[in-house]
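Just so it is clear, none of the values below were taken in a lab; they were calculated from the coordinates. Computed from a predicted structure; not experimentally measured. All Cβ positions, even for glycine, are placed from backbone atoms using ideal geometry, and neighbour counts span all protein chains on display.
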Amino acid sequence: MPVKMKLDKRGIDLHLVRCPLCDDGLETVDHSLIFCNHSLDLWNRVFGWWNLGQFSNLSMGEILRGNLPVSSSSFGKKIWEAVEWVCAYFIWKNRNNMVFHGKCWTTPVALNEIQIKSFGWISRREKRKKIDWFSWLSNPSIYLNM
Ligand SMILES: [Zn+2]
């Protein structure tokens, strides 16, 4: 990810290396995807949607390696991993909207986009097990142990 701190270390003069969303931290990968208030708020919404409680301070590596113990089944791990990647994708897309267009989504809009995109990705790739749209929105954690 070409965050400002990485570009700065490579000698690209950006003048400002602070987070474009919160202006409250240096733009690193961990800050952008996890620790930025905008990202934390979105991860908390995603965790709430999945009935997983409060999102805690985990490194991006743990999240993207799927090391969160949310499921014991391989299907459950796969769909949770897909949701994590879609969330990270939208966080980065939202950051780019701010950098290039000067605007960002509200968290409820971003969560809705994550629900739609992750359902689409999983439904198209998973042929053996069907995911119901209504239960995907209302109680997706039922799929964690399928
Ligand atoms: Zn930030």
With -39,500 (n - 2.57) per DSSP H segment of 4 or more residues and division by the full residue count of the chain, the 222 nm estimate, nearest 500 deg cm²/dmol, is -16500 deg cm²/dmol
Of ILE79, ILE12, ILE122, the most mobile residue in a GNM of the chain (C-alpha springs, cutoff 10 Å) is ILE12
Long-range amide H partners of GLY25, meaning residues 5 or more apart or on another chain whose placed amide H is closer than 5 Å, are CYS19
Along the range 19-24, Karplus-curve 3J(HN,Hα) (6.51, -1.76, 1.60; θ = phi - 60°) to the nearest Hz, with x for Gly and Pro, reads 4, x, 8, 10, 6, 10
Computed for the chain: size of charge dipole around the Cα centre, +1 on C-beta of each Lys and Arg, -1 on C-beta of each Asp and Glu, debye to nearest 20, value 680
